[in-house]
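Report on the following structure.
The values are calculated or read from the model by the stated rules, or taken from the named source; none is laboratory data. This is a predicted model, so every value here is computed, not measured. Note that we place each Cβ from the backbone using ideal geometry, even for glycine, and neighbour counts take in every protein chain shown.
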Amino acid sequence: MKRRDFLWLAGGGALALGISPAQAAIVPGPRRDRAAVPDRGATPATADGKRLVVVMLRGAVDGLNVVVPYAEKAYYDARPTIAIARPGTPNGALELDARFGLHPALASLMPLWRRGQLAFVHAAGSPDPTRSHFDAQFYIESGTPGVHMTPDGWMNRLLAALPGPHGPTAAIAVGPILPRILSGRMKAANLPLGPAATHPLPVAMPAVKAAFDRLYSGAGALARAYREGQMAHAELIGALLREEEKADNGAPPPGVFPGQAARLAELLRGDRRIRLAFAALGGWDTHVNQGGHQGQLANHLRPLGEGLAALARGLGAEWKDTAVVVISEFGRTLRENDAHGTDHGHGNVIWVLGGAVRGGRVYGEWPGLAPAQLYQHRDLAVTTDFRQVLAAVLERHLRLPDTALAAVFPSPPAAAPGLAGLLEA
Amino acid sequence: MLPRYAGILAALCLLLLPPAARARAAPPSDRRVLHVLNRLAFGPTLADFRRVKALGIRRWIAQQLDPAVIPEPFDLTLRLDQLGTLQDSAVELRQLYGPLRPVLGIKPTPEEMKAQQQRARIVLEQAQEDRVLRALMSRRQLQEVMVDFWFNHFNVFAGKGLDRIWIGNYVARAIRPFVFGHFRDLLLATAKSPAMLVYLDNTENTAQRQGGPGLNENYAREVMELHTLGVDGGYTQQDVITLARILTGWRINTPDGGRFPNAAAVFVGARHDWGPKVFLGHKMTASGRAEGEEALTMLARSPATARHISYELAQYFVADRPPPALVDRLAQRFLATDGDIRAVLQTLFASPEFWNSAGDKYKTPFEYVISAVRAAGVPVYNVRPLLGAMAALGEPLYGCQTPDGYKNTEMAWLSPDATLRRIDFALALARGALSIGVASAGSPFMLVSQGAPKTPVDAARLEAIFGTTLSSRTRAALAAAPPGLRAALILGSPDFMMR
């Protein structure tokens, strides 16, 4: 028990500026104890072992600078200082096709693009007009744009719709709290996945655990959370330690998200019962000094790209069974504001990665950036509902039947024909 | 037989006493005392528990609503006096700890700039220590609870620009003095604070002129959505733009700027949009700074704001889904008193909804950590382990990036992992292993604190506070546990996770 005590001490040091809760939970801890790991969880995958990972960019990432419409003159007219230059010019976008280029800070994703395992759906987003971060994030997580009263998240409903039975680690969130997208009737676990992720907690030690098990033997929400926590903790630590022992992977890449993503890959490999995973990253609300090929946005995109690449790499052969969706609550204004930033907008780009993705393509109907083509004369319009993208992934990848899909997204829009080929059947 | 006789005798004696004496003889029940300390304070200390019992609940609440009458403990005052940067003005903080600027045309070297950044860290550290020490030790507990409530309502983030050195100043100057006052004054204090001007970018917000800088909608949107009307408060995107225009020119000063040398936040007429405007259907008079004050006053007095604030207060003090009838009554009181926060709280604390909700709220990480240390009754000379615990539980102090602030609902905080980590914290605290009793080297309290042994928390002390109100399951688990685990079991119990 003594070893763990240092953790709280060290935690104070981690409380530096600009550290997100997920980061702050990552505190240097003592050497781990590998001896007492039960070899559980290595059971064969359920059903077909297909998985979904959702990464949410909270704060509204500027999709027009992620997948740059470099063929549009209006783009360059509206962004005199923050536009990403055309491909082939110094510090220019990385060419994706004749219309679009990728932000150069995402160079680490180009190998996936070239292998056809990375796709984008441009001008995608929520049909709800809100420009409130909080409402828009709520709608993305509830899966019910415009409906405030939804009590649970769509990933939780999705878990209920997948063939079970599901253990306590069937759905996991990276970070110290359980996000709305995963909350609801089905069990879901969360864990910070920092470098200290495999340190055993004192509360898991037998004598202590016995006393607390008695204390939490009731039926309430807290007792349920406690029991799920104990089970998930044992399984997740077991899975992580088994994978780390295989010693085929070096240290996780530097940076918070790359490290988390590499550990998430280990976890997914070690525990095949995990079907759904979720992670969120903040810092995208670039009202001021957004930067161009370098600067604020670039500094956030770089570790995101490196993390996603690390996830793909770390999953190895299981990458073919994994789909990753990167989504944000809305896009940002076409026009750069006078603080060299962008304000809350509407349409955005959704990223889809995975071994079975038919990538190397930018999907979605491009609405154009001329004044009359913009949403409310200021923002990229939404031509694809985010639920259409998710539904395509759920149907093609997780093989969710239509009836089950209706439970995940009540009153969804019609399927988007253009997305039929987004994933291999 | 004797005890039963004794009971009957005592009851008889009580009946024979005159009514006033009977009231004195019957202190409030433990359950009610704990309820009021769980909601109007960061949980009970043994001393506060006894104080409320002795004073009576009504008198204690009345005192809490008038904090000036409550003397602060000497050791708290002494500790706070050491936190010198809390006494500095925003201008001084910027001069002393802000980025170095060229002097007589000589630019600072990168090494000097880095050293300055290192030096400036003390400002945030002191702001955090100030907040934690007050929450732990202040006898003006309701004031600190309201600081927590209003700070999250008007959240700013220590990671945004100069707010790393202004956040403590913001709490001290724009939040704490106004927590029981009129809502309009609180709103205006935050609107004019350098910390908010930086955090929500209004300092960039400038009248649209050809080739010049332009509007920034960030503050205008959030002040209506989060601070006043609420997201369904009936404003449009056009209102957001208009309010942004109204607030053009409200910005932070440039250092050594000749015209406003004594203020960190200023109104700059040259950046203001003086054109005609219609805001929320109301024709505004082009009066510069006064126009912004007029618009904010309109927002503060709107019935939508009354509802929004009342909902949030009822959610914070009563239930995650607050009873609509209570919200209605609070909103009426808000409107009838021109947003008098003290009056609204009086209505709230007198309501049956408040008294019938004991134990219904799940503690936030901040509440959990602070209440555990208060109940444990251990001296704190080092707040770092507590800040680390809050961060590991998902609520780093002054680390909320988004303007909605930290939530106070069970939905936001209850999770399997958090449950284990709270217990983990309780275990370390109960064992006396957190090192919170040891001041860091160089602290003026080093000598006082050095003798403080790392003693385990006394379970008997906790039982004196909670003994009669713990659930039967918790009592059974305590009875069956080894004595060394009892304090941790109480602090880590489901009972203690709730307030």
Report task. Test B:Ala426 against the criterion of being surrounded by 21 or more Cβ atoms within 10 Å (Cβ to Cβ), over 27 Å from the mean Cα position of the chain (by Cα) and of a type in the set (Gly, Ala, Ser), and give yes or no. Result -> no
Query raised in the report: Among strands (runs of 3 or more DSSP E) lying entirely in the range A:284-365, which contain 1 or more residues that are in contact (Cβ under 8 Å) with a residue 40 or more places away in the chain and under 29 Å from B:Arg271 (Cβ atoms)?
Result: none
Requested in this report: Identify the residue in the range B:386-409 that is surrounded by fewer than 24 Cβ atoms within 10 Å (Cβ to Cβ) and facing chain A (nearest Cβ under 7 Å) and, among all such residues, is farthest from B:His153 (Cα to Cα).
Outcome: B:Gln401
Report task. Run down B:Ala418, B:Ala488, B:Ala476, B:Ala430 and say which single residue is facing chain A (nearest Cβ under 7 Å) and not hydroxyl-bearing (Ser, Thr, Tyr). Result -> B:Ala418
Query raised in the report: Which of (1) within 14 Å of another protein chain (Cβ to nearest Cβ); (2) in contact (Cβ under 8 Å) with a residue 24 or more places away in the chain is the odd one out, the single condition A:Gly238 does not satisfy?
Result: (1)
Report summary line: Heads up, the helices (runs of 4 or more DSSP H) in the range B:47-159 (entirely inside) with at least 2 residues that are within 14 Å of chain A (Cβ to nearest Cβ) and at pLDDT 95 or above are B:110-137, B:141-153
Report summary line: Within the range A:179-208, residues being within 16 Å of A:Glu235 (Cα to Cα), more than 7 Å from chain B (Cβ to nearest Cβ) and in a loop (DSSP other than H, G, I, E, B) number 10
Requested in this report: Give just the number: which of (1) part of a loop (DSSP other than H, G, I, E, B); (2) more than 22 Å from A:Asn337 (Cβ to Cβ); (3) among the charged types (D, E, K, R) does B:Arg164 not satisfy?
Outcome: (1)
Query raised in the report: Is there a residue in the range A:382-392 that is under 28 Å from A:Asn289 (Cβ atoms), in a loop (DSSP other than H, G, I, E, B) and either in contact with a His (Cβ under 8 Å, 6 or more places away or on another chain) or at pLDDT below 95 (or both)?
Result: yes
Query raised in the report: Just wondering, is there one or more residues in the range A:221-244 that are surrounded by fewer than 17 Cβ atoms within 10 Å (Cβ to Cβ), modelled with pLDDT of 90 or more and of a type in the set (A, V, I, L, M, F, W, C)?
Result: yes
Query raised in the report: Under the condition of being farther than 16 Å from B:Asp148 by Cβ and among the aliphatic types (A, V, I, L, M), which residue from the range B:373-385 is farthest from the other protein chains (Cβ to nearest Cβ)?
Result: B:Ala375
Query raised in the report: A:Glu365: over 24 Å from A:Arg58 (Cβ atoms) and either in contact with a His (Cβ under 6 Å, 6 or more places away or on another chain) or at pLDDT below 95 (or both), yes or no?
Result: no
Requested in this report: Just give me the residues in the range B:368-385 being of a type outside the set (A, V, I, L, M), closer than 18 Å to B:Asn38 by Cβ and crowded, with 24+ Cβ neighbours inside 10 Å, in sequence order.
Outcome: B:Tyr368, B:Ser371, B:Arg374
Query raised in the report: Taking the range A:115-138 on its own, how many of its residues are facing another protein chain (nearest Cβ under 10 Å) and either at pLDDT 95 or above or touching a His at 6+ places or on another chain (Cβ under 6 Å) (or both)?
Result: 1
Query raised in the report: Quick check: anything in the range B:224-237 at pLDDT 90 or above and in contact with a strand residue (DSSP E or B) (Cβ under 8 Å, 6 or more places away or on another chain)?
Result: no
Report task. Take the range A:99-127 and flag every residue that is surrounded by fewer than 19 Cβ atoms within 10 Å (Cβ to Cβ) and not in a helix (DSSP H, G or I). Result -> A:Arg99, A:Arg115, A:Gly116, A:Pro127
Query raised in the report: Which members of the range B:456-499 meet the condition of being surrounded by fewer than 23 Cβ atoms within 10 Å (Cβ to Cβ) and of a type in the set (Gly, Ala, Ser)?
Result: B:Ala459, B:Ala460, B:Ala464, B:Gly467, B:Ser471, B:Ser472, B:Ala476, B:Ala479, B:Ala480, B:Ala481, B:Gly484
Query - A:Thr286 vs. criteria within 13 Å of chain B (Cβ to nearest Cβ), within 30 Å of A:Asp128 (Cα to Cα), surrounded by 19 or more Cβ atoms within 10 Å (Cβ to Cβ) and within 20 Å of the chain's Cα centre (by Cα) - result: yes
Query raised in the report: Taking the range B:376-392 only, how many residues are outside any loop (DSSP other than H, G, I, E, B) and either touching a Ser or Thr at 6+ places or on another chain (Cβ under 7 Å) or in the same structural domain as B:Leu80 (by TED's automatic domain parsing) (or both)?
Result: 1
Requested in this report: Report, by residue number, each residue of the range A:396-415 that is surrounded by fewer than 14 Cβ atoms within 10 Å (Cβ to Cβ), among the small types (Gly, Ala, Ser) and not in a helix (DSSP H, G or I).
Outcome: A:Ser411, A:Ala414
